[in-house]
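Everything on this sheet refers to the single structure shown next.
The values are calculated or read from the model by the stated rules, or taken from the named source; none is laboratory data. These figures come from a predicted structure and were not determined experimentally. Please note: Cβ atoms are built from the backbone with ideal geometry, for glycine as well, and neighbour counts cover all protein chains shown.
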Amino acid sequence: MAVTAEIKVFPGKEMKALDMAEALEGAFIAYTCILQGCYVSLNNGKLTVSSGSIMIRGRVATVTGGEIDEYPSVSSTSSLRLLAVCDLAADTPFYIRLFSQSEYEALVARRDSITDFNSGNGVWYMQLGIATFNPASNQITAWSPSPDSDIRQQNRDRYIALMDKITSNDTSVRSLITSNVNTINNKANASHTLLTQKINAWTTYLIKRSFASWKFVHEEFTVPSFTIAAGARVACSFPAIRGTSFSATGTNARTEVRPSWSSFTQTYTTLSDGTKIPLNVDEARVRYVASGIESVFPRNAAYQSKGKNATNCVIAGWALNGEDYNRRCYIYVRNIGSAEAIIDLTVKLLFVRRG
């Protein structure tokens with residue numbers, strides 16, 4: 001079946017009640033509201049509703065003012081709801097009356113059972129307030145207007161009166177406006193201040209963390225006395241920790257002394273909203289991380305002038321592995337000559353600061 005459409009507002013066309021209700025419901029943000037009038041007051045035990053207009057789900061009703069003189073059947077003093085009801089399936093499709101709790105619950109159940117109000121003979125309501133009713137005296141003893149009816153009241157006279165107060169320099173209205181403006185400004189300034197604090201704090205920290213030449217360190221190690229047989233390949237290993245010292249104790253024998261390890265505690269600056277931003281960075285010399293091998297030079301070992309044949313040694317590989325205090329550098333050296341070699345290794349490592 002092909003898609004068709006029919007315009008409703010056009011010469012020779014008819015806009016029916018359903019069309020009008022759908023248009024109003026779609027056009028109004030508050031499609032259930034008091035358009036004007038319909039003030040409720042308690043006088044001599046009776047509720048009085050003034051004349052006005054109410055819109056419920058796009059259906060507009062004109063209300064003629066008067067007293068609410070019908071009450072639900074209750075056996076004791078009860079709270080009753082004063083509702084403006086639009087019931088498209090009823091003989092009287094729009095009315096205002098008091099509801100008991102059980103009547104109200106039945107109305108809500110019926111409202112919720114209908115998915116399409118305007119085209120499905122739906123029922124909808126607007127609560128005007130709560131009344132306390134004494135069946136013994138047949139009187140209303142207390143009245144509490146509904147916040148919804150107050151919020152959605154769109155009385156033109158009230159609007160004009162407010163504008164008159166503003167334009168006539170009414171001090172109470174101007175004081176209220178000034179107070180609200182000051183409140184908004186204070187909140188905006190507080191938010192701006194907090195945002196500025198966050199930006200400055202993060203900037204300070206990130207500048208410390210950002211990459212720059214002084215955050216990288218080149219350090220050279222001379223590791224003594226490795227003996228490599230003719231044609232052999234040897235893994236020459238040493239701690240990749242800044243500040244490590246080495247000394248030869250014999251051919252193919254050495255001591256390695258690492259500096260004491262240093263711990264790091266992250267500190268934070270806490271902003272007014274509880275946000276924690278890192279404040280310090282890890283700058284301990286011993287905790288710099290060995291991240292690269294720049295150069296390797298084999299030389300004849302210096303120990304007791306017993307070094308020899310370094311020129312026959314070639315670098316066959318290299319690696320860095322292990323974490324923190326156990327990080328080590330491995331240089332794989334092959335002796336391609338026909339005689340034993342005794343060498344020292346001079347290795348330059350690249351270290352990067354942790355934070």
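Residues are listed down the side, and each one gets a yes or a no for (1) charged (D, E, K, R); (2) assigned to a loop (DSSP other than H, G, I, E, B); (3) without any contact (Cβ under 8 Å) to a residue 24 or more places away in the chain; (4) in the same structural domain as residue 75 (by TED's automatic domain parsing):
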position	(1), (2), (3), (4)
103	yes, no, no, yes
107	no, no, no, yes
110	yes, no, yes, yes
115	no, yes, yes, yes
119	no, yes, no, yes
126	no, no, no, yes
130	no, no, no, yes
137	no, yes, no, yes
140	no, no, no, yes
| task | Could you check how many residues of segment 318-329 are surrounded by fewer than 19 Cβ atoms within 10 Å (Cβ to Cβ) and either hydrophobic (A, V, I, L, M, F, W, C) or under 18 Å from residue 248 (Cα atoms) (or both)? | result | 3
| remark: By residue number, the members of segment 318-355 that are outside any strand (DSSP E or B), in contact (Cβ under 8 Å) with a residue 24 or more places away in the chain and more than 12 Å from residue 289 (Cβ to Cβ) are 336, 337, 338, 339, 340
| note | Picking from 315, 293, the residue that is within 56 Å of the chain's Cα centre (by Cα), touching a residue at least 40 places away in the same chain (Cβ under 8 Å), surrounded by 14 or more Cβ atoms within 10 Å (Cβ to Cβ) and farther than 30 Å from residue 189 by Cα would be 293
| In segment 170-192, is there at least one residue being surrounded by 13 or more Cβ atoms within 10 Å (Cβ to Cβ), touching a strand residue (DSSP E or B) at 6+ places or on another chain (Cβ under 7 Å), at pLDDT below 85 and assigned to a helix (DSSP H, G or I)? | no
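Going through 73, 137, 53, 102 one at a time, which residue ends up being surrounded by 12 or more Cβ atoms within 10 Å (Cβ to Cβ) and either touching a helix residue (DSSP H, G or I) at 6+ places or on another chain (Cβ under 7 Å) or small (Gly, Ala, Ser) (or both)? Outline the logic, then answer.
Numbers: 73 fails: surrounded by 12 or more Cβ atoms within 10 Å (Cβ to Cβ); 137 fails: surrounded by 12 or more Cβ atoms within 10 Å (Cβ to Cβ); 102 fails: surrounded by 12 or more Cβ atoms within 10 Å (Cβ to Cβ).
None of the others qualify; the one that does is 53.
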| note | Checked segment 73-101 for anything closer than 18 Å to residue 47 by Cα and either hydrophobic (A, V, I, L, M, F, W, C) or not assigned by TED's automatic domain parsing to the domain that holds residue 147 (or both); matches are 74, 80, 82, 83, 84, 85, 96, 98, 99
| Which residues, counting only those in segment 213-255, are surrounded by 15 or more Cβ atoms within 10 Å (Cβ to Cβ), of a type outside the set (Val, Ile, Thr) and either assigned to a loop (DSSP other than H, G, I, E, B) or free of Cβ contacts under 8 Å to residues at least 40 places away in the same chain (or both)? | 240, 242, 246, 252, 254
